[in-house]
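To start, the structure under review is shown below, and the notes come after it.
The values are calculated or read from the model by the stated rules, or taken from the named source; none is laboratory data. This is a predicted model, so every value here is computed, not measured. Virtual Cβ from ideal backbone geometry, glycine too; neighbours counted across all protein chains shown. Just so you know, the surface numbers come from the protein's heavy atoms only, side chains and all, with ligands and any DNA or RNA stripped out. Shrake-Rupley method; radii C 1.70, N 1.55, O 1.52, S 1.80 Å.
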Amino acid sequence: MRETIYEWMKNLAVFYLFFTAVMNFLPDGKYNKYIRHFLGLLLILLLITPILQIFRLKDLVDRNFMANSMKEELWEKAWDLEHSQEDYLYEQYERELEEQIRQIMVKMEAYPRMVEVTLDKGEEVEIAKIKVTVREACSQEKKEAVADELERIYEIPGERLQILSG
């Protein structure tokens, strides 16, 4: 018991040295009161440590802290999982749109080499850009017909649609 009191007194002395050093190194300013407040809270915690040990409340506080930490970590993981699922759904939606565009172009006999769809993930999901690369044998008229058809079907302006030869 005596060692516990000495340890506590030693911690208080070290804290007061730390407190004095911090307050002397800080320039006078508006943050002085906030730092003094924070260090005051640390002092209160340091003062009640023996009371917590006497009534064995330290173990209870530690268990509650661990339980709350685990709950918070679980919520963070659930939040991350929800966002990763959302990203996966956007990615799959882009792939589905790309496949639809390929099918439309094959029906129009403008065989695509590459189709890339980019979605805008705002409040409403909309197509930000469609980029299509067609074979060099594809005529300019077919490219224009494909562009008009894609603009009509997906209701996007022409500046969001890019058809390249390659």
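Numerical summary
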item	result
Region 2-45, dipole about Cα centre (Lys/Arg Cβ +1, Asp/Glu Cβ -1), debye to the nearest 20	140 debye
Area of VAL117 that stays accessible when all protein chains are in place (1.4 Å probe, Å², to 10)	0 Å²
Those trypsin sites (Lys or Arg not before Pro) in region 23-83 that DSSP places in a loop and that have at most 14 other beta carbons within 10 Å	LYS30, ARG56
Solvent exposure, largest accessible area first (probe 1.4 Å, DNA, RNA and ligands not counted), of ARG102, ARG135	ARG135, ARG102
Accessible-area ranking of TRP8, TRP75, largest first, probe 1.4 Å	TRP75, TRP8
Probe 1.4 Å - accessible area at LEU17, Å² to nearest ten	130 Å²
The chain: DSSP helices with Cα axial extent of at least 20 Å and average Kyte-Doolittle hydropathy no lower than 1.0	32-54
Heavy-atom accessible area ranking, 1.4 Å probe, most first, across TYR16, TYR154	TYR16, TYR154
Accessible area per residue in Å² at 1.4 Å probe, computed on region 15-166	77 Å²
Region 33-84 - charge dipole about Cα centre, Lys and Arg +1 at Cβ, Asp and Glu -1, debye rounded to 20	440 debye
GLU144 - accessible surface, heavy atoms, 1.4 Å probe, Å² rounded to 10	100 Å²
Carbon + sulfur, % of accessible area of the chain - ligands and nucleic acids excluded, 1.4 Å	57 percent
Inter-label distance, nm, simple model (7 Å from Cα along the C-beta direction), GLU149/VAL14	7.7 nm
Which of LEU161, PHE15, LEU81, positive extreme of dipole for the chain (C-beta unit charges)	PHE15
Cβ charges +1 (Lys, Arg) and -1 (Asp, Glu), total dipole of region 26-123, debye	920 debye
Among [x] 32.9, 95; [y] 20.5, 69; [z] 15.2, 47, the entry that matches Rg and Dmax of the Cα atoms in Å as calculated here	[x]
